[in-house]
Amino acid sequence: MVFVLIWATGFVVAKYAAPHAEPLSFLVVRYAGVVALMLVLALVARAHWPRGWAVWHLAVAGVGIQAGYLGGVWAAVAAGMPAGVAALVVNLQPVLTAAVAGLTGARLGRLQLVGLVLGFLGVVLVVSSKLTTTGITATTLGLTTLALLAITSGTLYQKRFCPDFDLRTGQVVQFAASIVVTLPFALAFESFRLDWTPELIGALVWSVVVLTGGGISLLFLMLRRGAATQVTSYFYLVPGVTALLALVMFGEVLGPFAIAGMVVAVLGVALATRAVPGSGGAAAAPQPEGERAEHRPGADDAEHHRADAVGGAAAGHADQLGVGDVVLDGDDVPRRQPAGVEDAVLGHDGLPVRDGEPHERAEEGGALEHLGLRAGRVGVDGPVVDGRADQGEPGEHRDQHREAQDQLREPPADEPGGGREGGRDLVQRPRLPHGDGV
């Protein structure tokens, strides 16, 4: 609901800014303000910057969601399109999103479809008092249709190709791309006039800090976590909340049809955002084939370092046969074995296995991970024994394995964990130290 309230204030911004600035000129300044704000936040926080194809994906999505949508709506209203008609056209977005998602195989439940229809009906009722044919021309209708297609395609593109990114650096990329697209049109069709009045400055600050820093960021977080159709259905609530703001701030009349439309829209959104039975929640956005997941700093660094340090020893068990016989621990990372259990076979939880059968705790840990390699330190290129790479044959140390297993089966009584109690072997089960072998 916070997102809807913030998004609805865009009407207030337009109301204050329109008399003092041309639409595209105002948007260029707004985009520049967002780039400056997010750039400072990103540099202070040392945020991760996108690289490679991620930059282009973010730019394409940003042009649709920012430049295409905002530019189309603002230019259409400035050219005479009634605000109610413009709101009606762009609020077809949830329906269009659902249609495109259905063509790509996304599953929509019956209640969701009913919710989408009810939501749009609610929008029609809310803006019914403002519907008029005055000002509807091929140009204004084309601009609003362009805005509808732009935000729909931009939303689906971002959900498909770049749902996860740092909100600060990602918005720097998106709004910089929007400036590149919008500025030529502003220079070609407008005089770039801005009257720096308190109303314009207030509208500009609100647009940069609240509408973008709050509204756009919330939209991106919602797209990251939910299905595109469910997220866009919240836009059905915006005209109703806008009507309430207009009533409070500008004294505009709120008729019975508008009130009824708000109720219908709320019901429609409630149905449209219900999870589809059996879907298991929102599906994660698939990654394009051939693209690697973007490296994220922080917790992932240790995993990347370990994977690189062992030279891909955990990438494929069969590929390591013939290099030596390394015993892998439960997370597929070679470990140095402590004294007394050299060349022992270990289970998933790092506990010794005897006679091919794991001890009780090892059996709980999972299936046996064993490649028959001899234990030792692991260097960058593989196992290292006595300061040199182990080039032994896979079965070279079979007798040593048997001897180690016999020792584990019957430990001396004077050693810790040795002896018998209650008819059961008590065997010391050492945990392997993590990280020593890397």
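The values are calculated or read from the model by the stated rules, or taken from the named source; none is laboratory data. In this text, all values refer to a predicted model and were calculated from it rather than measured experimentally. For neighbour counting, all protein chains shown are included, and Cβ atoms are generated from backbone atoms with ideal geometry for every residue, glycine included.
Data overview
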| quantity | calculated |
| --- | --- |
| Residue in segment 171-191 that is under 23 Å from the mean Cα position of the chain (by Cα), closer than 16 Å to Ile6 by Cβ and at pLDDT 95 or above present | yes |
| Tally of residues being farther than 13 Å from Ala67 by Cβ and either aromatic (Phe, Trp, Tyr) or not in a helix (DSSP H, G or I) (or both) across segment 152-186 | 7 |
| Hits in segment 247-262 - residues which are free of Cβ contacts under 8 Å to residues at least 12 places away in the same chain and loosely packed, with under 13 Cβ neighbours inside 10 Å | Val248, Gly251, Pro256 |
| Elements of type helices (runs of 4 or more DSSP H) contained in segment 1-47, each with 3 or more residues being touching a strand residue (DSSP E or B) at 6+ places or on another chain (Cβ under 8 Å) and touching a residue at least 40 places away in the same chain (Cβ under 8 Å) | 23-45 |
| Residue in segment 180-204 that is farthest from Tyr31 (Cα to Cα), counting only those that are free of Cβ contacts under 8 Å to residues at least 12 places away in the same chain and among the aliphatic types (A, V, I, L, M) | Ala188 |
| Residue in segment 217-229 that is farthest from Leu156 (Cα to Cα), counting only those that are in a helix (DSSP H, G or I) and without any contact (Cβ under 8 Å) to a residue 60 or more places away in the chain | Ser217 |
| Subset tally (residues that are small (Gly, Ala, Ser) and surrounded by fewer than 17 Cβ atoms within 10 Å (Cβ to Cβ)) for segment 169-196 | 2 |
| Flag for Phe26 being at pLDDT 90 or above and of a type in the set (Phe, Trp, Tyr) | yes |
| Near pairs, Cβ below 7 angstrom, 6+ apart or cross-chain, from segment 161-179 (more than 13 Å from Arg30 (Cα to Cα)) to any residue that is in a helix (DSSP H, G or I) and of a type in the set (Phe, Trp, Tyr) | Leu167/Phe220 |
